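The values are calculated or read from the model by the stated rules, or taken from the named source; none is laboratory data. Not measured: the values here are computed from a predicted model. Every residue, glycine as well, gets a Cβ built from its backbone with ideal geometry; the counts of neighbours run over all protein chains shown. Protein only, heavy atoms only, side chains kept; ligands, DNA and RNA dropped before computing areas. Shrake-Rupley method; radii C 1.70, N 1.55, O 1.52, S 1.80 Å.
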Amino acid sequence: MKYVLPWNVKMDFMHKARTRLALVVSVLSLAACGVSPTEPETYYKPANTYSSLPAHADTKHVSESMLSALRERNLTATTGFHVLPYRSGRCKASLLYSVTPANMSGLFLNGKDLFSGAYLVLSYNDGDWELTNSRSRTSTIKSISAEDAIEDNLDALRQYELYVRLSGNLDEDALEDLTEIFVEYGMTMPSVIVANSRYHKLIKQSALSSSRLYFDAPAAIEGASFIASTPQQNDVDLIYSYSGNGASNNALQLKNIILESNFNKACNAKGTFVSMPKLNLLAKKRFSDEELVLGLPADADFNQLPVQHKLIAQGKYLNWLGENKAYTLSEKTKDKCLEKNAAQDVRARCAARKRDADSVMQDEKVVFGW
């Protein structure tokens with residue numbers, strides 16, 4: 001037999017349940033009000049963000065005012081205050097970072113806004129591929145396993161278009177081994193392969209056939225691109241393209257500059273890339289570093305600011321070739337309106353100028369909000 005509670009008992013039960021619920025909510029609310037929010041023991045100022053600056057700019061150790069001044073000259077500063085081109089597009093030719101066993105760190109890790117690609121020299125010796133120094137003729141840096149170098153630096157290498165120079169006795173097995181290294185680590189095939197011309201046909205028939213082929217020595221062939229070294233700059237290699245018109249001064253076109261240091265020197269290879277001075281340095285005045293950056297000539301060495309401070313006081317400055325050159329400080333222009341013995345017509349023009357300025361200020365509309 002089903003037992004049914006009387007109506008008045010039901011109502012009393014529901015009333016007590018609502019009362020208990022309200023009591024629980026009140027207690028929880030009071031408990032929450034009694035807990036103060038936790039605060040950090042030390043206040044840390046939020047770090048500035050510079051979304052428009054290149055990846056190689058050092059926003060942690062270089063002041064915002066200095067980065068701003070450098071930017072106006074097409075420059076920026078990286079770790080250790082090394083002044084570098086702002087972006088690769090500011091240079092007259094695109095830059096390739098020369099990767100060696102000793103420099104796969106530092107600027108290489110965040111130079112994507114400065115370099116258009118990375119240049120690696122891979123040598124095939126005794127059945128193994130090795131990463132060697134591109135200037136092995138003048139360096140004692142030991143080669144390392146190409147596979148280890150790629151595995152340890154995948155994130156950095158993936159930033160760049162790869163230019164790979166191949167050396168050694170190449171055959172089908174050598175090219176197959178190299179292809180397997182790139183495939184195993186999810187790397188795209190090199191955009192460009194630089195090799196001796198006798199291996200070009202073999203490379204075209206391999207899995208590396210998608211790579212553009214450049215010659216490893218000057219080649220007077222229509223449309224050919226080749227690498228060359230210059231005796232004057234043994235720390236820089238150049239990539240040229242040949243137009244085929246030997247009678248023309250423009251038969252050779254500089255395409256890329258390969259280097260691992262001295263980036264300003266490389267950028268100046270086809271003309272000064274630094275913009276013209278933004279202010280005149282005034283005589284008999286102590287300059288801040290920012291003012292010096294804005295006022296030095298375009299061919300100055302901006303990595304030597306302490307030296308420039310001393311030289312400017314002597315009417316000189318240091319250019320990027322290491323030469324001391326004459327610098328004439330501009331004299332401060334006197335304001336004739338402030339002269340006590342100014343002529344009457346000068347005073348009249350000054351008064352009119354002041355009235356015009358005051359009128360502009362009074363008539364200016366200021367809008368707050370949107």
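Data table
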{"read-out": "Considering residues of the stretch 94-115 that are among the hydrophobic types (A, V, I, L, M, F, W, C) and part of a loop (DSSP other than H, G, I, E, B) only, the residue modelled with the highest pLDDT", "value": "F115"}
{"read-out": "Test: K60 is modelled with pLDDT of 85 or more, at negative phi and open to solvent by 10 Å² or more (accessible area, probe 1.4 Å)", "value": "yes"}
{"read-out": "Filtered residue count, the stretch 272-298, keeping only those that are within 20 Å of the chain's Cα centre (by Cα) and either not in a helix (DSSP H, G or I) or not hydrophobic (A, V, I, L, M, F, W, C) (or both)", "value": "6"}
{"read-out": "Answer residue from the stretch 173-225, given it is among the hydroxyl-bearing types (S, T, Y) and over 30 Å from the mean Cα position of the chain (by Cα) and is farthest from N125 (Cα to Cα) among those", "value": "S209"}
{"read-out": "Complete set of residues in the stretch 138-159 that are open to solvent by 20 Å² or more (accessible area, probe 1.4 Å) and not polar (S, T, N, Q)", "value": "I141, K142, I144, E147, D148, E151, D152, L154, D155, R158"}
{"read-out": "Residue match in the stretch 177-199 (condition: open to solvent by 10 Å² or more (accessible area, probe 1.4 Å), touching a Ser or Thr at 6+ places or on another chain (Cβ under 6 Å), of a type in the set (A, V, I, L, M, F, W, C) and outside any loop (DSSP other than H, G, I, E, B))", "value": "no"}
{"read-out": "Residue within the stretch 116-130 that is touching a residue at least 12 places away in the same chain (Cβ under 8 Å), out of contact with any His (no Cβ under 8 Å at 6 or more places or on another chain), within 30 Å of A69 (Cα to Cα) and assigned to a strand (DSSP E or B) present", "value": "yes"}
{"read-out": "Residue within the stretch 67-76 that is assigned to a loop (DSSP other than H, G, I, E, B), farther than 17 Å from N256 by Cα, open to solvent by less than 20 Å² (accessible area, probe 1.4 Å) and not small (G, A, S) present", "value": "yes"}
{"read-out": "Among (1) modelled with pLDDT under 80; (2) in contact with a Ser or Thr (Cβ under 6 Å, 6 or more places away or on another chain); (3) within 20 Å of P297 (Cα to Cα), the one test that C91 misses", "value": "(2)"}
{"read-out": "Residue list for the stretch 326-342, restricted to those being at pLDDT 80 or above and open to solvent by 50 Å² or more (accessible area, probe 1.4 Å)", "value": "A326"}
